[in-house]
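FYI, it's all coordinate maths here, none of it is from the lab. Not measured: the values here are computed from a predicted model. Don't worry about glycine lacking a Cβ; one is built from the backbone with ideal geometry, like all the others, and counts go over all protein chains shown.
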Amino acid sequence: MKIGVLALQGAFYEHRKMIEQLGAECIEIRQLSDLTSNRFDGLMLPGGESTVQGKLLAELGITEPLRNLINAGTPVLATCAGLILLAEEIEGGEKPYLGTLPVAVKRNAFGRQLGSFEYTGSVGDLKDFKMTFIRAPIITAGHSDEVQTTAVFEDKIVAVKYRNQIGLAFHPELDQDTRIHEEFLELCKSFSLNK
């Protein structure tokens, strides 16, 4: 299985390390040719600075090809800034980037860097999952009945699944628990078999 990780900025290396630890091949996407010369079974959009990542996606001509892959069913795991890249709506009137995930998000919903924290709870069927939040967004609304809420913290939606897209406000790649990445690889395996 071949997984592409957007490697323009942010915590892409941690995702790559986790995916490789689980036995899949990981390709860093840094330019358009990385995206067009490989056939991916899944994509990962890491945390970092969504504004910087979105600007680079546009400058490098990657936005539309990436959007097309996601809309064609390629599974995607997006964390923190990656969730903002996917969102159809960003509160405050900011123009969306990929816009493939029918949700509204609010940036820095828990405050700036000092507002970073950890919380252990359920993510879908996964119990006792440690969630690390760093300048995290939240999902404020779903724009489709198909958007499933998979994790909540203090009545705030912090994880969703929509068709082939998993959007997380937290950083599973920063801890040792590989269960979310394992679930993502299962989704990628199903996609690969049905291609």
| note | Picking from A58, A81, the residue that is within 19 Å of I166 (Cβ to Cβ) and small (G, A, S) would be A81
| request: Inspect the range 155-164 for any residue being among the hydroxyl-bearing types (S, T, Y) and either surrounded by 14 or more Cβ atoms within 10 Å (Cβ to Cβ) or within 18 Å of L45 (Cβ to Cβ) (or both) and give the result as yes or no. | output: yes
| Selection count where residues are crowded, with 18+ Cβ neighbours inside 10 Å and either in contact with a Lys or Arg (Cβ under 7 Å, 6 or more places away or on another chain) or without any contact (Cβ under 8 Å) to a residue 40 or more places away in the chain (or both), scope the range 134-154 | 6
| If you scan the range 18-34, which residues turn out to be without any contact (Cβ under 8 Å) to a residue 12 or more places away in the chain and closer than 15 Å to L77 by Cβ? | E20
| Failed condition for N108, given (1) within 21 Å of L45 (Cβ to Cβ); (2) touching a strand residue (DSSP E or B) at 6+ places or on another chain (Cβ under 6 Å), with all others met? | (2)
| note | Taking the range 3-26 and the residues there that are among the β-branched types (V, I, T) and under 18 Å from L85 (Cβ atoms), the one that is nearest to the chain's Cα centre (by Cα) would be V5
| task | Would you list the helices (runs of 4 or more DSSP H) that sit entirely within the range 1-83 and hold 2 or more residues that are more than 20 Å from L185 (Cβ to Cβ) and of a type outside the set (K, R)? | result | 32-36, 50-59, 63-71
